[in-house]
Amino acid sequence: MGLEREIFDQSGPLHLTTIDWTNVDHRRSVAASLVQSVYILERDRQEKREGSQALAPPWWKFFDFQLYRQLIDDTDSSVFGAIYQLICTASDNNPSAQQAPRYVIAFRGTITKGDAFSRDLELDIHFIRNGLHGTSRFEIAIQAVRHVVATFGNCGVWIAGHSLGSAMAMLAGKNMAKSGVFLEAFLFNPPFFSAPIERIKNKKVQHGIRIAGSVITAGLALAMKHKNTNNRSGDSFVSLSCWLPCLFVNPADHICSEYIGYFEHRKKMEEIGIGGIERLATQHSMGGLLLNALGKESDEPLHLIPSANLTVNHTPSQDFKDAHGIHQWWRLDLNLESKVHFYK
């Protein structure tokens, strides 16, 4: 079954024989397929599959892309990302071609097989510790994004990732947005590091816990703001509000499901008249504020973002692996719910 999932003709979105670049389902499916191709590039490297034996190329060639460059980790030489370039074809004369990406920079998540696992696990820990920005892998990633934007412009440039790769893409997107460059982003199962409140079945209990957390977080944030007048985290957060990345989450995936409550809670706080508390709380993590209170430096939380186009997959999942997997995002007949959340 593992090998079948790597073979495009057996697991890929074969129904997309013609791409309508104005169709959100098509755009999502192509972005997810290009992320999948990065996983398979690394598996090809591990299994020494080259030439006609390589399984990765069909995952981008089917959509008329070519491999512009692989992104290689400097620690273990694994393939963690790739830059794809859209090939101009005769079909580009149709109106939807104007919405097509010229370049897609894609990042894979953690691979549990082969020699890449230990390095991926190390980076997962860096994410939990809010230190992903200080790793050499991220430095390679952000330099690749900057290279594409500087060389070809930011129009028609997508960034995409899954799981750990989604965290990499989000961090890269936030960095670019702070400099005024807003890239279209497709973030599949992005990790949200917090207590799993979304898994509590009782909605009233959920809401009560979130309100208490918001009040405490906002209080700590105000205390630290008075203590440190040079704290600019709020300004940094607000500066990102115009960036609208596409987040794709599954409620059965505890790694990313907290994004559902994160955005819904903000709306509920506005409805009950205490939106100001949440606007402050949503910028901070309680853990980071506690570290600051103890005199220890803490960087702004990677996973917190002001605005997003959030898509939730309500299609029943067989298990956690299915709920967290990249394959779900190009399946037909998905039960999806999308909402745009703007930070005000």
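The values are calculated or read from the model by the stated rules, or taken from the named source; none is laboratory data. Only a predicted model underlies this, so the values are computations on that prediction, with no experimental measurement involved. No Cβ is skipped: glycine too gets one built from the backbone with ideal geometry, and neighbour counts run over all protein chains shown. What goes into the accessible areas is simple: the full protein's heavy atoms, side chains included, and nothing from ligands, DNA or RNA. Shrake-Rupley method; radii C 1.70, N 1.55, O 1.52, S 1.80 Å.
Can you spot a residue in region 104-118 that is on the phi > 0 side of the Ramachandran plot, open to solvent by 20 Å² or more (accessible area, probe 1.4 Å), part of a helix (DSSP H, G or I) and touching an Asp or Glu at 6+ places or on another chain (Cβ under 9 Å)?
Within region 104-118, the first condition is being on the phi > 0 side of the Ramachandran plot, and the residues that meet it are 114.
Checking which are open to solvent by 20 Å² or more (accessible area, probe 1.4 Å) leaves us with 114.
If we keep only those that are part of a helix (DSSP H, G or I) too, we end up with 114.
Filter once more, keeping what is touching an Asp or Glu at 6+ places or on another chain (Cβ under 9 Å): 114.
Yes: region 104-118 contains one or more residues that are on the phi > 0 side of the Ramachandran plot, open to solvent by 20 Å² or more (accessible area, probe 1.4 Å), part of a helix (DSSP H, G or I) and touching an Asp or Glu at 6+ places or on another chain (Cβ under 9 Å).
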Residues satisfying the stated conditions in region 22-46, i.e. free of Cβ contacts under 8 Å to residues at least 40 places away in the same chain and within 17 Å of F80 (Cβ to Cβ): I40, D44, R45
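Residues checked against (1) at pLDDT below 95; (2) among the aromatic types (F, W, Y):
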| residue | (1), (2) |
| --- | --- |
| F127 | yes, yes |
| A144 | no, no |
| K178 | yes, no |
| F192 | yes, yes |
Identity of the residue in region 1-40, aliphatic (A, V, I, L, M) and open to solvent by 20 Å² or more (accessible area, probe 1.4 Å), that ends up nearest to the chain's Cα centre (by Cα): V24
Residue selected from region 125-141 under the condition of a type in the set (V, I, T) and either under 16 Å from the mean Cα position of the chain (by Cα) or in a loop (DSSP other than H, G, I, E, B) (or both), by the criterion nearest to R69 (Cα to Cα): T135
Residue within region 42-60 that is within 22 Å of C246 (Cβ to Cβ) and modelled with pLDDT of 95 or more present: yes
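To keep it simple, each residue is scored yes or no on (1) among the small types (G, A, S); (2) more than 16 Å from I19 (Cα to Cα).
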| site | (1), (2) |
| --- | --- |
| W60 | no, no |
| F63 | no, no |
| F80 | no, yes |
| G109 | yes, yes |
| K113 | no, yes |
| A116 | yes, yes |
Residues of region 153-179 classified as open to solvent by less than 10 Å² (accessible area, probe 1.4 Å) and touching a His at 6+ places or on another chain (Cβ under 8 Å), total: 2
Pair list, Cβ < 9 Å and 6+ apart or interchain, from region 311-333 residues that are in contact (Cβ under 8 Å) with a residue 40 or more places away in the chain and on the phi < 0 side of the Ramachandran plot to residues that are among the aliphatic types (A, V, I, L, M) and open to solvent by 90 Å² or more (accessible area, probe 1.4 Å): T311/V24
Condition met for I72 (among the hydrophobic types (A, V, I, L, M, F, W, C), in contact (Cβ under 8 Å) with a residue 12 or more places away in the chain and over 23 Å from N189 (Cβ atoms)): yes
